1. How many residues, within segment 48-57, are buried (at least 17 other Cβ atoms within 10 Å of the Cβ) and either closer than 16 Å to Gly22 by Cβ or under 18 Å from the mean Cα position of the chain (by Cα) (or both)?
2. Name every residue in segment 216-246 that is more than 30 Å from Glu171 (Cα to Cα) and surrounded by 17 or more Cβ atoms within 10 Å (Cβ to Cβ), in order of residue number.
3. Among the residues of segment 64-73, are any in contact with a Ser or Thr (Cβ under 8 Å, 6 or more places away or on another chain), within 28 Å of Gly150 (Cα to Cα) and not basic (Lys, Arg)?
4. Taking the criterion of being over 19 Å from the mean Cα position of the chain (by Cα), outside any helix (DSSP H, G or I) and charged (D, E, K, R), would at least one residue in segment 98-114 satisfy it?
5. Tell me, yes or no, whether segment 172-185 has at least one residue that is crowded, with 17+ Cβ neighbours inside 10 Å and either in contact with a Cys (Cβ under 6 Å, 6 or more places away or on another chain) or among the acidic types (Asp, Glu) (or both).
6. Take Ile21 and decide whether it is at pLDDT below 95 and under 15 Å from the mean Cα position of the chain (by Cα).
7. May I ask you to list the residues in segment 82-111 that are within 13 Å of Ala157 (Cα to Cα), surrounded by fewer than 22 Cβ atoms within 10 Å (Cβ to Cβ) and modelled with pLDDT of 95 or more?
8. Name the one entry in Asp239, Asp201 that is of a type in the set (Asp, Glu) and over 19 Å from the mean Cα position of the chain (by Cα).
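The values are calculated or read from the model by the stated rules, or taken from the named source; none is laboratory data. What you are looking at is a predicted structure, and each value in this text was computed from that prediction instead of being measured. Don't worry about glycine lacking a Cβ; one is built from the backbone with ideal geometry, like all the others, and counts go over all protein chains shown.
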Amino acid sequence: MIETASLDDKVALVTGAARGIGRGIATELAERGARVIVADVDAEAASSTAEDLGNESYGIGLDVSDREAVDAAVADIIENCGRIDILVNNAGINRDAMLWKMTDEQWDSVISVDLSGVFYTCRSVGAHMRGNKYGRIVNVASASWMGNIGQTNYAAAKAGVVGLTRSIAKELARSQITANAVCPGFIETDMTRGMPENLFDAQLAKIPMQRVGQPADVARVVAFLSSDDSSYVTGQVIDIGGGYQL
């Protein structure tokens with residue numbers, strides 16, 4: 001049996017971690033030994049999730065689109081925990097509409113959270129990691145980064161995350177910091193479970209493996225990229241979609 005990589009004594013910040021894929025990631029990291037800071041715009045839900053994790057994990061309220069709030073949160077975590085070894089950017093929103101119906105607010109809100117939020121956290125945590133000459137950054141993009149009807153804003157943001165990830169991988173490599181992106185496909189969450197049956201079935205039909213992914217499918221890949229087993233893997237974009245992008 002292949003043993004899973006240990007994350008004992010590592011400190012991980014996971015954004016958008018109160019539910020869904022983010023909660024799955026936080027849970028997987030904690031099960032492997034990491035102390036997880038569960039960050040979410042819903043502070044109460046973040047604290048509730050953290051209570052289930054153990055390892056002195058705790059939750060914080062955080063709007064990643066607020067640059068000053070991000071910098072303050074990172075400083076507080078470093079003060080409380082001594083360092084941040086792992087950053088997982090999962091926070092994201094969608095405001096779908098066709099191009100000709102999309103409002104400025106729909107565009108701006110998605111770009112602010114899904115792209116600028118990733119930049120703010122990477123900049124703040126990355127500066128700290130450079131001083132430690134160690135770090136693992138995993139950014140959660142989406143299969144939609146290749147383009148999707150009704151998601152001009154979301155696809156643009158996620159494509160930006162891919163470009164950002166590959167750029168910072170080059171910039172941070174000499175400090176022994178890796179940066180990778182994962183692109184989940186159709187994953188079972190509260191949102192997908194609430195889809196009309198015909199739309200759900202249509203998405204399922206596009207997946208060669210003929211099953212919906214689970215948050216744990218994403219979490220296990222993120223855990224690998226967060227571990228020392230992936231120390232020579234950086235700048236990669238990994239699809240997690242059961243062949244959806246083939």
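1. 4
2. Gly242, Tyr244
3. Within segment 64-73, one or more residues are in contact with a Ser or Thr (Cβ under 8 Å, 6 or more places away or on another chain), within 28 Å of Gly150 (Cα to Cα) and not basic (Lys, Arg).
4. Filtering segment 98-114 for residues over 19 Å from the mean Cα position of the chain (by Cα) gives 98-108.
Restricting the remaining residues to those that are outside any helix (DSSP H, G or I) gives 98, 102-103.
Adding the requirement that they be charged (D, E, K, R) leaves none.
Among the residues of segment 98-114, not one is over 19 Å from the mean Cα position of the chain (by Cα), outside any helix (DSSP H, G or I) and charged (D, E, K, R), which makes the answer no.
5. There is no residue in segment 172-185 that is crowded, with 17+ Cβ neighbours inside 10 Å and either in contact with a Cys (Cβ under 6 Å, 6 or more places away or on another chain) or among the acidic types (Asp, Glu) (or both).
6. Judged against the criteria, Ile21 is not a match.
7. Listed by number, the residues that qualify are Gln106, Trp107, Asp108, Ser109, Ile111.
8. Working: Asp239 fails: over 19 Å from the mean Cα position of the chain (by Cα).
On inspection, the qualifying residue turns out to be Asp201.
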